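Worksheet: the structure to be examined is printed underneath.
The values are calculated or read from the model by the stated rules, or taken from the named source; none is laboratory data. What you see is a predicted model; the values in this text were computed from it and never measured. Positions of Cβ are backbone-derived with ideal geometry, glycine not excepted, and every protein chain shown enters the neighbour counts. The accessibility values were calculated without ligands, DNA or RNA, using every heavy atom of the protein model including side chains. Shrake-Rupley method; radii C 1.70, N 1.55, O 1.52, S 1.80 Å.
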Amino acid sequence: MARLYRFQVCKTDPKKTWSRLGSPSTTSHEARLIMNDDREKNDPAQAAEYAIVDLSENRVIDWCKAA
């Protein structure tokens, strides 16, 4: 049985440690919207990195650097 909430957005902090951003979402598109909203809110000088992780397969499906 597949998980309903299978996509998680992760973000680096200034110490370069990964943390989960928000709650898991049902679609990769929804996860991308969460990522883009957070990128717009933050200071571009922070240069945070974002990854969208497929929790059911435990793999990164998208990665970007905010700058």
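General remarks:
- The set of residues in the stretch 15-67 being of a type outside the set (Val, Ile, Thr), assigned to a loop (DSSP other than H, G, I, E, B) and within 13 Å of TYR5 (Cβ to Cβ) consists of LEU55, SER56.
- Only one of LEU4, LEU33 that is open to solvent by 50 Å² or more (accessible area, probe 1.4 Å) and either in contact with a His (Cβ under 6 Å, 6 or more places away or on another chain) or at pLDDT below 85 (or both): LEU4
- Taken together, ARG20, ARG39, ARG32 contain a single residue that is without any contact (Cβ under 8 Å) to a residue 40 or more places away in the chain and closer than 15 Å to ARG59 by Cα, which is ARG20.
- Applying the criterion of being open to solvent by 90 Å² or more (accessible area, probe 1.4 Å) and on the phi < 0 side of the Ramachandran plot to the residues of the stretch 7-16, the residue that is modelled with the highest pLDDT is LYS15.
- Selection over the stretch 40-64 of residues that are of a type in the set (Ser, Thr, Tyr) and loosely packed, with under 14 Cβ neighbours inside 10 Å gives a count of 1.
- Residues (under 9 Å from the mean Cα position of the chain (by Cα) and open to solvent by less than 50 Å² (accessible area, probe 1.4 Å)) located in the stretch 17-30: LEU21
- Within the stretch 49-67, residues that are within 10 Å of ALA31 (Cβ to Cβ) sit with their Cβ atoms under 8 Å from residues that are open to solvent by 40 Å² or more (accessible area, probe 1.4 Å) and in a loop (DSSP other than H, G, I, E, B), at 6+ positions apart or across chains, in these pairs: ASP54/ARG6.
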